[in-house]
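First comes the structure, then the notes that go with it.
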Amino acid sequence: MSFCEKPPGRVQRGVPSVIPPAGGGFFAICIFSSGRCLLRLPEHDEAPAFLLECDRAVLGALQTHLALYKIRRKVTVEPRPKLRVWAVLPRTPEEAGGAAPLPEQAERTTILTRDPRTTRMGWRLLTQDEGLALVPGGRLGDLRDYHRYRYQQGVPEGIHDLPPGVALPLESNLAFMNGVSFTKGCYVGQELTARTHHMGVIRKRLFPVRLLGPLPACGISPGALVLTASGQAAGKYRAGHGDLGLALLRSEHIKGPLHIRTAESGQVALTATVPDWWPTTTK
């Protein structure tokens, strides 16, 4: 198992006096009425409270957003900065589908839950203690390891990968990550999301990409055009870390040679792949 501590950015509703042990988690998003993403929220259901994990950059916006819907309910919304979030990553796909890396009743102050997006992302460990000491045989990584790993898996996270007001849930593959319900009752932004789903046509998707060759010193700018060999627009680069990242591409172009033109009048080639954990009907 590899370990990476994630920056704290958490909100809890109805804070209990102690954190119950190991509970289930699920993935959710908030969307605008236009159907575009506002926030992504892995949730850890620990009655009588919910722990909401979010990008630290939008912590204030999330608190404001939740306050709008609180109405007169006796619900408290407050940060939990002392609760540390660790990603426990599997070394192999076989390990990802195996047993939990530590006993579920490890500590009363510990929550261990599978990452609800895909088994390839391993587990989420929420604790006030040093996470490494809780997982036998764990190896401590850093945040760069975590981001490179999830880019390899094609898992978007945070406001750089899912820009508020820009990203669409189905194009961002959030339905594959259990982040969209097609059976739930009415919700803000449902119309576009449901219509796109039932039409069954999603021409662009967020694909994991690898950049080939020397990269510009300033990196690749978010939103840079991705072009085919003939110069036709295939999509846009979204975000990344080093030579790994995500790009919103038209599905029919991902098998051909692609490149990005850089500010230095050069070109950076890239390859796109289809993650093997996606449903086979999309490959």
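The values are calculated or read from the model by the stated rules, or taken from the named source; none is laboratory data. Quick caveat: nothing in here was measured; it's all calculated off a predicted structure. Cβ atoms come from the backbone with ideal geometry, glycine included; neighbour counts cover every protein chain shown. Side chains included, ligands, DNA and RNA excluded: accessible areas come from the protein's heavy atoms. Shrake-Rupley method; radii C 1.70, N 1.55, O 1.52, S 1.80 Å.
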> Between Lys236 and Thr76, what length comes free when the chain is fully extended (0.36 nm per residue of separation minus the Cα-Cα distance, one decimal in nm)?
Replying inline: 53.6 nm
> Which one of Leu211, Ser221, Leu249 has its Cα pushed farthest toward the positive end of the charge dipole of the stretch 170-272, where Lys and Arg give +1 and Asp and Glu give -1 at the Cβ?
Replying inline: Leu249
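Once a ≥ b ≥ c are taken as the square roots of the eigenvalues of the Cα gyration tensor of the stretch 170-272, is the result rounded (a/c under 1.5), prolate (a/b larger than b/c) or oblate (a/b not larger than b/c)?
It comes out prolate by the Cα gyration axes.
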>> Between Trp278 and Lys184, what's the calculated FRET efficiency when r is the beta-carbon distance and R0 is 25 Å? Round to 0.05.
In response: 0.65
> Looking at this model, which pairs from Lys184/Lys255; Lys70/Lys184; Lys184/Lys204 are more than 27 angstrom apart at the alpha-carbon?
Replying inline: Lys184/Lys255
> Given a 1.4 Å probe and the protein chains all in place, what does the accessible area of Arg195 round to, in Å² to the nearest 10?
Replying inline: 110
> Separation between the Gln152 and Glu94 pseudo-spin-labels, each 7 Å from Cα along Cα→Cβ, expressed in nm?
Replying inline: 1.7
>> Given a Förster distance of 35 Å, report the FRET efficiency between Arg250 and Arg144 from their Cβ-Cβ distance, rounded to the nearest 0.05.
In response: 0.70
